[in-house]
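The values are calculated or read from the model by the stated rules, or taken from the named source; none is laboratory data. As the structure is a computational prediction, the values presented were derived from the model and not from experiment. Note: ideal-geometry Cβ built from the backbone for every residue, glycine included; neighbour counts use all protein chains shown.
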Amino acid sequence: MENFDKYASRRFDIMNEEAIDADVLEAIPFEYTESAGKVIYETSEFTMVCPWTGSPDFGNLVIRYTPGQLLVELKSLKYYLTSYRNVGILQEHAAHRILGDLVKLLQPVEMTV
C-alpha cells in the first residue's frame, strides 16, 4: 500500500491580501465625544481561507473601541469583513490587519480586535 497524502494536490483558489477592500470602510461623526462609552461589534460569521490548504476558516470576531471623533459605519464594516472571504490569511494576521485598517480610519482612543 502506497503511503501518500491524497489531499496534497487538492486546493481551492485563494486570493492574496490585495483583495481586502479597506477602501470600502467609511467613518461617520461621533456626536457624544464627551462620553467614555465603548463600541462593541461582534460577529460569528467572519471567514477567510487557510493560506496553506485553501480550506475555509471560520472565526468569531470582536471589535471593541473607545471612539474619538469618528465611528465606523456598520454597512461599510460588513462589506470590508466580507472581502476577507476568499483571502488566504491566518486569523492572527487578519486580526492585526483589521486593527490597523480601523485605527487608520477612526483614530480611536483605544481599540482591540
Enumeration of residues in the range 56-91 that are touching a residue at least 40 places away in the same chain (Cβ under 8 Å), of a type in the set (S, T, N, Q) and assigned to a strand (DSSP E or B): Thr66
Top-ranked residue in the range 19-52 [being at pLDDT 95 or above and among the acidic types (Asp, Glu); ranked as nearest to Gly88 (Cα to Cα)]: Asp21
Any hit, the range 39-53, residues being closer than 17 Å to Glu17 by Cα and among the aromatic types (Phe, Trp, Tyr): yes
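Within the range 33-45, identify whether any single residue is in contact with an Asp or Glu (Cβ under 8 Å, 6 or more places away or on another chain) and at negative phi, and answer yes or no. First the steps, then the outcome.
Quick first cut of the range 33-45, residues in contact with an Asp or Glu (Cβ under 8 Å, 6 or more places away or on another chain) only: none.
No: the range 33-45 contains no residue that is in contact with an Asp or Glu (Cβ under 8 Å, 6 or more places away or on another chain) and at negative phi.
In the list Thr53, Thr47, which residue meets the criterion of being surrounded by 15 or more Cβ atoms within 10 Å (Cβ to Cβ) and assigned to a loop (DSSP other than H, G, I, E, B)?
None of the others qualify; the one that does is Thr53.
Please go through the range 19-44 and pick out each residue that is among the charged types (D, E, K, R) and part of a strand (DSSP E or B).
Listed by number, the list holds a single entry, Glu42.
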Leading residue by the ranking (farthest from Glu31 (Cα to Cα)) among those in the range 56-72 that are modelled with pLDDT of 95 or more and crowded, with 16+ Cβ neighbours inside 10 Å: Leu61
